[in-house]
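Novice: Can you read through this structure? Questions will come right after.
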Amino acid sequence: MTKFDYKNMWVYIEHDGTTISTVSLELLCEARKLCDVTGDKLVAVAVDGLPEAELAKIRATGIDQMMVVHGTGYERYNNDAYTNLFTVLCQKYNPSAVFVGGTTNGRDFAPRFAARLNTGCTSDAIEVVYNPESGDIEFIEPAVGGKMMAVITVPVLRPQVGTIRPGTFKYEPVGEKAEIEVIHETVDFDPALIRTKLLKFIPEEDDGAVNLAAEEVVVCLGNGLSGSDKLGKYQELADLLGGKLGCTRPVFDRGILPFKQMIGQSGVVVKPKLLVSFGVSGAINHTAGMKDAGTIIAVNSDPDAAIFGVADYGIVGDMDTVCDMMIEALKARQ
Ligand SMILES: Cc1cc2nc3c(=O)[nH]c(=O)nc-3n(C[C@H](O)[C@H](O)[C@H](O)COP(=O)(O)OP(=O)(O)OC[C@H]3O[C@@H](n4cnc5c(N)ncnc54)[C@H](O)[C@@H]3O)c2cc1C
């Protein structure tokens with residue numbers, strides 16, 4: 001078989017039996033666009049057990065096929081059963097591409113089934129483009145500390161496996177197709193062969209405060225921040241604007257703000273209407289996480305900072321001074 005004999009693009013639907021992981025829906029929407037160009041069918045692959053309302057969200061993305069998997073071994077996520085499942089299904093159906101959400105689970109099993117199939121897996125692409133000349137999907141991602149964009153392809157082998165971080169693409173359903181083929185597959189995995197055992201489930205502590213991905217206003221702090229003693233004024237500005245604080249990697253590395261407030265390629269992808277950025281240089285690894293922000297205001301003391309290249313409004317100056325001025329102006333308006 002050559003790579004041209006492999007057909008259709010699959011999206012793994014990650015769910016907990018009640019709700020679909022949003023990234024799966026985002027991937028369906030992006031893969032729909034690719035399939036419209038390539039003529040492949042878009043196939044959603046899900047382990048059985050989703051309620052009708054969630055299935056409707058999948059259908060609304062314009063899928064051509066829904067593959068529903070039944071069998072033993074899938075009661076809770078485990079690497080062994082899911083790796084086996086996608087190895088077996090890919091060997092049977094020969095899809096051209098398989099997209100998996102870059103969640104903890106997705107990043108765990110996608111490279112493993114790709115390795116079993118002797119094919120390639122790309123992680124954390126921020127763009128996927130079909131190249132009609134080569135017939136390959138180009139997975140585009142920042143490299144060398146964000147100084148260049150790497151185009152990664154799987155030029156010979158199939159399927160082309162990719163994990164994409166949540167929030168990279170948008171859930172913009174194009175509408176349900178009149179006819180959707182539903183395929184039922186039974187792949188049993190002997191639970192005795194699952195090598196991990198769930199001892200206890202400890203949910204992440206929810207401070208109830210920060211879900212940056214859903215915020216409409218974000219005040220982002222970069223390494224220009226002199227210390228955590230200055231955090232208060234930026235928090236005050238964020239409160240006045242009705243938003244939350246985000247940060248760049250160095251600010252997280254310095255222990256000033258937690259990981260879930262780090263914006264970028266390896267952190268959260270944000271889509272606020274307004275993003276005010278202070279003391280951020282504008283490395284692509286960071287700006288990859290804010291490319292869908294509405295209005296961007298950047299403050300930096302260096303007039304040549306790259307952040308000004310993506311900002312709608314740029315202010316050259318000391319970040320603390322500008323922050324104080326903004327607070328004053330907002331208070332005056334109240
Ligand atoms: C694989 C990989 C993944 C990465 N993922 C991420 C990611 O998800 N998110 C992320 O943020 N980074 C990420 N990085 C790191 C990224 O490449 C940059 O190093 C980082 O974003 C730089 O953060 P910064 O702009 O805050 O700091 P710096 O580059 O140190 O910039 C600080 C800026 O502050 C300005 N400044 C200094 N003092 C003041 C002042 N008083 N007033 C105003 N401006 C001032 C300076 O002019 C400078 O432009 C990643 C790197 C790699 C290699």
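Novice: In Å³ and rounded to a whole number, note down the convex hull volume per residue for the Cα atoms of the range 96-180. Don't skip to the end; give the middle numbers.
Specialist: Values: hull volume 11.9 nm³, N = 85.
Convex hull of Cα atoms, per residue: 140 Å³.
Novice: Would you mind checking which residues have amide H under 5 Å from V268's amide H? H placed 1.01 Å from N; only 5 or more apart, or other chain.
Specialist: M262, I263
Novice: Something else about it: Taking 10 °C and 1.306 mPa s as the conditions, I'd like the Stokes-Einstein D for the range 1-91 in µm²/s, using the Kirkwood hydrodynamic radius from alpha carbon pairs. Write down the numbers at each step before the final one.
Specialist: Details: Rh = 13.9 Å.
Rounded to a whole number, D works out at 115 µm²/s.
Novice: Could you compute Rg(Cα) / (2.2 N^0.38 Å) for the range 212-333, with N its residue count? Don't skip to the end; give the middle numbers.
Specialist: On the way: Rg = 12.7 Å, N = 122, 2.2 N^0.38 = 13.7 Å.
Working it through for the range 212-333, the quotient is 0.93.
Novice: Amide H of D188: which non-local residues (sequence gap of 5 or more, or other chain) have their own amide H closer than 5 Å, using H built in the peptide plane?
Specialist: T72
Novice: Run the reach check for K170 against aspartates and glutamates, Cα to Cα strictly under 16 Å, same-chain hits fewer than 8 apart removed. What comes back?
Specialist: Within the straight-line cut-off, K170 pairs with E26, E30, D124, E127, E215, E216, D292.
Novice: Where nothing but the Cβ of Lys and Arg (+1) and of Asp and Glu (-1) is charged, how large is the charge dipole of the chain around its Cα centre, in debye to the nearest 20? Could the numbers behind the result be given before it?
Specialist: Numbers: 31 positive and 45 negative charges, 91 e Å.
Using Cβ point charges on Lys, Arg, Asp and Glu, the chain gives about 440 debye.
Novice: Using only the alpha-carbon atoms of the chain as identical scatterers, what base-10 log of I(q)/I(0) does the Debye formula give at q = 0.08, 0.09 Å⁻¹?
Specialist: After summing over all Cα pairs, the log10 values are -0.44, -0.55.
Novice: Another question, if that's okay. Under unit Cβ charges (Lys, Arg +1; Asp, Glu -1), what dipole magnitude, rounded to 20 debye, does the range 212-333 have relative to its Cα centre?
Specialist: Values: 11 positive and 14 negative charges, 74 e Å.
With only Lys, Arg, Asp and Glu charged at Cβ, the dipole is about 360 debye.
Novice: Can I ask one more? What list of ³J(HN,Hα) couplings, whole Hz, do you get for the range 8-14 from phi and the Karplus terms 6.51, -1.76, 1.60, once you set θ to phi - 60° and write x for glycine and proline?
Specialist: Running phi through 6.51 cos²θ - 1.76 cosθ + 1.60 with θ = phi - 60° gives 6, 10, 10, 10, 6, 8, 7 Hz.
Novice: Cα atoms only: what Rg and Dmax, in Å, come out for the range 148-289?
Specialist: Here Rg and the maximum Cα pair distance are 20.8, 60 Å.
Novice: Oh, and also: G62's amide H: which non-local residues (gap 5+, or another chain) put their own amide H closer than 5 Å, with H modeled 1.01 Å from N in plane and none for Pro or chain starts?
Specialist: HN-HN under 5 Å from G62: V174, G175, K177.
Novice: Pull up the cross-link candidates among the lysines for K147, meaning alpha carbon to alpha carbon under 22 Å and not fewer than 8 places away within one chain.
Specialist: By straight Cα distance, K147 reaches K291.
Novice: Average the reciprocal distances over every distinct pair of alpha-carbons in the range 3-193, invert the result, and give the Kirkwood radius in Å. Mind dumping the intermediate values first?
Specialist: Details: mean 1/r = 0.0603 Å⁻¹.
When all Cα pairs of the range 3-193 are included, the Kirkwood radius is 16.6 Å.
Bear in mind these aren't lab numbers, they're just calculated from the coordinates by the rules spelled out. What you see is a predicted model, and the numbers here were worked out from it, not measured in a lab. Cβ coordinates were reconstructed from backbone atoms using ideal geometry, including for glycine residues, and neighbour counts include every protein chain displayed.
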